[in-house]
Amino acid sequence: MQPITRTEAIQSNLNDIALVCDGTLIDETRDQAVQHIIKYQEDMKRRYDRRLRRRQFKPGDWVLRRVSRLHEQGKLGENWEGPFIIDRLASKGSYFLRTLEGDIIEKPWNAFHLRKFYH
């Protein structure tokens, strides 16, 4: 087989040196990309948290609960049901509710799905 010009022009020792240099440059580029991603994610979190409206309730507050879509009666059905009374805090951001008759609802509700009711 006849060697072609490209294979005759290659110098293997220079090729090895170039591969080592490229290996170190790849590590540096990867580190820079990771730092850029971390900075971007922190910036996005800061922007999100700035616009976020936290909903906090105290035991005894009256709230409305978002209607779950499974029991909704079409798109013209009510979006909120209630009122309910906050019984106690379940965990950070979720609450146990009590009906006006005094029955406690077993499932805790996230504050995102609750809205203050003014009576």
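Residue count for segment 94-114 under the criterion of being within 18 Å of Arg53 (Cβ to Cβ), surrounded by 15 or more Cβ atoms within 10 Å (Cβ to Cβ) and not aliphatic (A, V, I, L, M): the result is 4.
When restricted to residues that are in a loop (DSSP other than H, G, I, E, B), modelled with pLDDT of 75 or more and of a type in the set (A, V, I, L, M), segment 64-86 contains 2. Counting the residues of segment 94-119 that are of a type in the set (Gly, Ala, Ser) and either under 14 Å from Val63 (Cα atoms) or not in a loop (DSSP other than H, G, I, E, B) (or both) gives 2. Would you call Arg54 loosely packed, with under 10 Cβ neighbours inside 10 Å, charged (D, E, K, R) and touching a Gly at 6+ places or on another chain (Cβ under 9 Å)? Answer is yes for this residue.
The values are calculated or read from the model by the stated rules, or taken from the named source; none is laboratory data. None of these values were measured; they are calculated from a predicted model. Cβ: placed from backbone, ideal geometry, glycine included. Neighbour counts: every protein chain shown.
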